[in-house]
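Working notes for the structure below.
The values are calculated or read from the model by the stated rules, or taken from the named source; none is laboratory data. No experiment lies behind these values; they were computed from the predicted model shown. Cβ placement follows ideal geometry from the backbone for every residue including glycine, while neighbour counts extend to all protein chains displayed. Just the protein is used for accessible areas: all its heavy atoms, side chains included, with ligands, DNA and RNA removed. Shrake-Rupley method; radii C 1.70, N 1.55, O 1.52, S 1.80 Å.
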2 protein chains.
Amino acid sequence: MTVKNAFYAQSGGVTAVINASACGVIETARQNPKAIGNVYAGLNGILGALREELIDTSKLSAETIAALKHTPSGAFGSCRYKLKGLKENQAEYDRLMAVFQAHNIGYFFYNGGGDSQDTAHKVSQISQSVGYPIQCIGIPKTIDNDLPFTDNCPGFGSVAKYVAISILEAGLDVASMAATSTKVFILEVMGRHAGWIAASSGLAQQTPGQAPHIILFPEVPFDPDTFCAAVKQHVDTYGYCAIVASEGIKDTNGNFLSASGLKDAFGHAQLGGVAPTLSQCVQTNLGYKCHWAVSDYLQRSARHIAAAVDVEQAYALGAEAVKFALAGKNAVMPTIVRKSSKPYAWEIGEVALEKVANQEHKMPADYIRKDGFHITPACRAYLEPLIQGEAYPPYVKGLPDYVRLAHSLVERQLPEWGG
Amino acid sequence: MTVKNAFYAQSGGVTAVINASACGVIETARQNPKAIGNVYAGLNGILGALREELIDTSKLSAETIAALKHTPSGAFGSCRYKLKGLKENQAEYDRLMAVFQAHNIGYFFYNGGGDSQDTAHKVSQISQSVGYPIQCIGIPKTIDNDLPFTDNCPGFGSVAKYVAISILEAGLDVASMAATSTKVFILEVMGRHAGWIAASSGLAQQTPGQAPHIILFPEVPFDPDTFCAAVKQHVDTYGYCAIVASEGIKDTNGNFLSASGLKDAFGHAQLGGVAPTLSQCVQTNLGYKCHWAVSDYLQRSARHIAAAVDVEQAYALGAEAVKFALAGKNAVMPTIVRKSSKPYAWEIGEVALEKVANQEHKMPADYIRKDGFHITPACRAYLEPLIQGEAYPPYVKGLPDYVRLAHSLVERQLPEWGG
């Protein structure tokens, strides 16, 4: 086996555990020096390849690489940059191939969502066609849990755990204040197209009286009257109402609620905020005192409370991607296959990249309760295993000891990229 | 010593550790059965006394009481209800005395902020004047850290830890996205009048390039131009800018920024949200892509990441309050006295309740950097010890195993309260 270098890149929105996948890739590559030389990581994702900004991970100690497993976000930098189709932008693919050849790269590990898997597939095809074959292996990652062919996506379980804990805790808070003060609490969570994250908050509810009382999914058109009636019913019955709303909920005309006409003093459309919009709706129609929170990046970067199973799977998928490459595989992505929910058991599977692109893993209709305001037992059975275990990072002076990499770039071999 | 019962109540906004104080009170009382009979907790705070809704904590197992130490929010219910002055509302105080006498209550433990300490002081005075003396001991609690005579307040350290961890994690997230996407992130935190909570986020910054880059304090008038210039400078230098803003920041005319003219489609004033207002300001003036989060109740209920020292102090103050009572003390509050910052050492002190009322523990001017946008080393030295240690709750099925009390009310002795 000829020794080739590997290229690894992080893509799209980062997660609490994407660096655990990076750790799995690099540690496994280091265990196989006869096949894989250096692992070069793209500075800011695929842009690092286009710009020939390659981070030499061989300069990083084993201890530093191990610390990636407990460090959130993208340690090498990520990017939102989608390579166009081959016909629209041959130049970008040519550049990629030139950089890969210049640095003797024979393995391409792309850690991202659906678009990234599509890109990895294209790179594989092009590399064949130009006679410099590169083994391209995708590594799944997305908090949205919307990749097909894998039971779940690394990053999602930790967001799910964060969101469920947050509404559990805030629910107890509102319950203790409701006699004389706040009666309604609204937590806005991510999920523009699918309700996976909002759904996961439902795990916090063990009995009907507990938070969250109402979950608003992007899959269910939002009707203010039905919503307010449900809020009132919960306040009447339990004294308070704790709500989790997906940022992606739409009104019955299909418009995002977060863009439903709020304007500032100068008449500018006000940006975002499903939670304040819902709060306004409740206060105007029902007169209850409301509080609201928006988790935003906190939910996807909350490594301090990541699910142990999520960290483990993220690492395993990175490690398996390298093993796939060593086994001669190409244009595939390792997946999570669920063997059993109770007790939870999983193993690594495999899917061809060409199948992954342009498909979404949507919430099954039978995961949403018939009234549209909560999850079903089937949904709970699916979600519950994914938030198991706590994988606490080490702490120094009261704060998590996350690693920050000093990026050592590989010497350039090519002229600057004009892209 | 005659056996008397004790009354314990939680007051005002709840915290991640107020139940640890309750645990300290009840466990210590149980260790002294020759002096203290039952501990009755007010259902929803002082309202429970007025309404004669007394929770009989003797029905709760030792295991349940111990679990209070790791359970956030007010397990017995809290309330926002300030007793008026004696002259304005003699009837309320008469009722309190009637309830206390009917249930042989000789000890009053009031767990709250400044107003609550004032009430405890008044109850002590009245009980003397009506010839039914009650020993009234205050127990400090407030996330705002604004009580005088105590180095810090239970509840604050855990919020401080949560906020510092949140901006640390979100800062890493933005750093990895900034090359092609979000360049500015804003986290809104509590603190309407004092910047203690916002200040604590500053602990996350170890070097100037790290988050938070900018902290906005209520003590510093907000000027959009200076702010935007600072944001631009950080984006130019570090590629991104992570900001923590207190909900209480005001413009140069003294108006809350959260009420600065946003209107909805119907012309209603839009409620709250310093973070979205700042986000709009940055996007309009600088054109950077922004993300924002509002922690709201999540920050004060986040028992999952409470500071161990905060839990320990909350428990100790509850326990000491009972010991004060057993020692014959009255109209006092135990306090935290700092003996040393490095290494951190503290002990329990004591202050008369009459001194506590109507005083605020404000941020010293030399805790805010001269440009108004960050904390000073003196501030860091004060804050750092308060977030030390992790006191993780137990977990079941991936979620914290918080206790929920079944409230068993003591049999009524009096007619219903007309208040």
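With everything on Cα atoms, drop me the angle between helix B:156-177 and the longest principal axis of chain B, reported from 0 to 90° to the nearest 10.
Around 20 degrees separate the two axes.
Could you sort A:T335, A:T237 by their accessible area in this structure, using a 1.4 Å probe and putting the largest first?
Values: A:T335 5, A:T237 85 Å².
Of A:T335, A:T237, the descending order of accessible area is A:T237, A:T335.
Could you give log10 I(q)/I(0) at q = 0.18, 0.23 Å⁻¹ for region A:3-48, computed by the Debye formula over C-alpha point scatterers of equal weight, without solvent?
Cα-only, vacuum Debye calculation for region A:3-48: -0.55, -0.81.
Using the Karplus curve 6.51 cos²θ - 1.76 cosθ + 1.60 with θ = phi - 60°, work out ³J(HN,Hα) for each residue of region A:280-287 in order, rounded to whole Hz, and write x for Gly and Pro.
After applying 6.51 cos²θ - 1.76 cosθ + 1.60, I find 4, 4, 5, 5, 5, 8, 10, x Hz.
Give the shape of region B:34-146 as rounded, prolate or oblate, defined through the alpha-carbon gyration tensor: a ≥ b ≥ c are the square roots of its eigenvalues, a/c under 1.5 means rounded, and otherwise the shape is prolate if a/b is larger than b/c and oblate if not.
Working: a/c = 1.86, a/b = 1.28, b/c = 1.45.
Cα axes put region B:34-146 in the oblate bin.
Determine the percent antiparallel among the DSSP beta bridges restricted to region A:2-110, to the nearest 5. Let's see the in-between values first.
Details: 3 of 12 bridges.
Bridges in region A:2-110 that DSSP calls antiparallel: roughly 25 percent.
How large is ³J(HN,Hα), in whole Hz, for each residue of region A:357-366 in order, when computed from phi with the Karplus curve 6.51 cos²θ - 1.76 cosθ + 1.60 and θ = phi - 60°, using x for Gly and Pro?
Per residue, the Karplus-derived 3J(HN,Hα) values read 4, 6, 10, 10, 8, 7, 5, x, 4, 7 Hz.
Spelling out what I want: for every residue of region B:144-152, take phi, set θ = phi - 60°, compute 6.51 cos²θ - 1.76 cosθ + 1.60 (Karplus), and round to whole Hz; glycine and proline get x.
Once rounded to whole Hz, the list reads 6, 6, 9, 7, x, 6, 10, 4, 7.
For n ≥ 4 DSSP H runs only, could you compute -39500 (n - 2.57) per run for the protein assembly as shown, divide by its residues and tell me the 222 nm figure to the nearest 500? Don't skip to the answer; put the middle values down first.
Working: 26 runs with 288 residues, N = 838.
After summing the helix terms and dividing by residue count, I get -10500 deg cm²/dmol.
Over region A:62-106, with every protein chain in place, what whole percent of the accessible area is carbon and sulfur at 1.4 Å, could you tell me?
51 percent
Amide H neighbours of B:V351 under 5 Å, at least 5 residues apart or on other chains, H built in the peptide plane: list them.
B:M333, B:T335
List every residue whose amide H lies under 5 Å from the amide H of A:E188, counting only residues 5 or more places away in sequence or on a different chain, with H placed 1.01 Å from N in the peptide plane.
For A:E188, whose amide H was placed from the backbone, the distant partners under 5 Å are A:A245, A:A293, A:V294, A:S295.
What do you get for the angle between helix A:114-129 and the principal long axis of chain A? Use alpha-carbon atoms, 0 to 90 degrees, nearest ten.
Taking Cα atoms only, the helix is inclined about 20 degrees.
Kindly work out what percent of the DSSP beta bridges joining two residues of the protein assembly as shown are antiparallel, to the nearest 5. Provide the component values of the computation, followed by the final result.
Values: 38 of 102 bridges.
The answer is about 35 percent antiparallel.
If you place +1 on the Cβ of every Lys and Arg, -1 on the Cβ of every Asp and Glu, and leave all else neutral, what size is the dipole of chain A about its Cα centre, to the nearest 20 Debye?
Numbers: 35 positive and 38 negative charges, 93 e Å.
Roughly 440 debye for chain A.
If you rotate chain B onto chain A, whose Cβ in B ends up lying nearest the axis, and how many Å away is it?
B:V294, 2
Pop out a list of residues from region B:79-97 that are at least 20 Å² less accessible with all the protein chains around than in their chain alone; 1.4 Å probe, no ligands or nucleic acids counted.
Residues of region B:79-97 that lose at least 20 Å² of accessible area once the other chains are added: B:R80.
So how much accessible surface do B and A hide from each other in total, probe 1.4 Å, in square angstrom to the nearest 100? Mind dumping the intermediate values first?
Working: alone 17860 and 17860 Å², together 29130 Å².
Protein heavy atoms only, the B-A interface buries about 6600 Å².
Run the 1.4 Å probe and let me know the accessible area of B:F76, rounded to the nearest 10 Å².
0 Å²
Near A:K122, which lysines are there with a Cα under 22 Å away, not counting those fewer than 8 places off in the same chain?
Result set, ordered by chain and number: A:K4, A:K82, A:K84, A:K87, A:K141, A:K323, A:K329, A:K355.
If you take the square roots of the eigenvalues of the alpha-carbon gyration tensor of chain A and sort them as a ≥ b ≥ c, do you get rounded (a/c under 1.5), prolate (a/b over b/c) or oblate? Each step should come with its number before you reach the end.
Values: a/c = 2.14, a/b = 1.91, b/c = 1.12.
Prolate.
Which shape class, rounded, prolate or oblate, goes with region A:25-81 when its Cα gyration tensor gives a ≥ b ≥ c as root eigenvalues, a/c under 1.5 marks rounded, and past that a/b bigger than b/c marks prolate? It would help to have the intermediate numbers written out before the result.
On the way: a/c = 2.34, a/b = 1.30, b/c = 1.80.
Oblate, since a/c reaches 1.5 and b/c is not below a/b.
Enter the Cα centre distance for the pair region A:173-252 and region B:288-309, rounded to the nearest angstrom.
19 Å
How much of the DSSP beta bridge set in chain B is antiparallel, as a percent to the nearest 5?
Within chain B, antiparallel bridges account for around 35 percent of the total.
What are the residues whose amide H is under 5 Å from the amide H of B:Y395, where those residues sit 5 or more places off or on another chain and H is modelled from the backbone?
Hits under the 5 Å cutoff: B:D401.
Might you work out the accessible area of B:Y392 for me, using a 1.4 Å probe with all protein chains in place, and round it to the nearest 10 Å²?
Surface accessible to solvent at B:Y392 totals approximately 70 Å².
Post the alpha-carbon centroid distance, region B:106-153 to region B:3-82, in whole angstrom.
First find each Cα centre; the distance between them is then 15 Å.
How high is the FRET efficiency between A:K87 and B:A365 when r is their beta carbon distance and R₀ equals 60 Å, given to the nearest 0.05? Spell out each step's value before the answer.
Working: r = 64 Å, r/R0 = 1.07.
E(calc), rounded to 0.05, equals 0.40.
Probe of 1.4 angstrom, ligands and nucleic acids ignored: what's the accessible area per residue over the protein assembly as shown, in square angstrom? Before the final figure, lay out the partial values.
Numbers: 29130 Å² over 838 residues.
I get 35 Å² per residue for this part.
If we hang a label 7 Å off Cα along the beta carbon direction at B:K84, how far is it from the matching labels on the other copies, in nm, shortest first?
Spacings between copies for this position, smallest first, are 7.3 nm.
Measure nothing fancy, just the Cα-based angle from helix A:90-102's long axis to the longest principal axis of chain A, in degrees from 0 to 90, nearest 10.
Approximately 60 degrees, to the nearest ten.
Copy-to-copy spacing for B:E347, label 7 Å out on the Cα-to-C-beta vector, in nm, shortest first?
6.4
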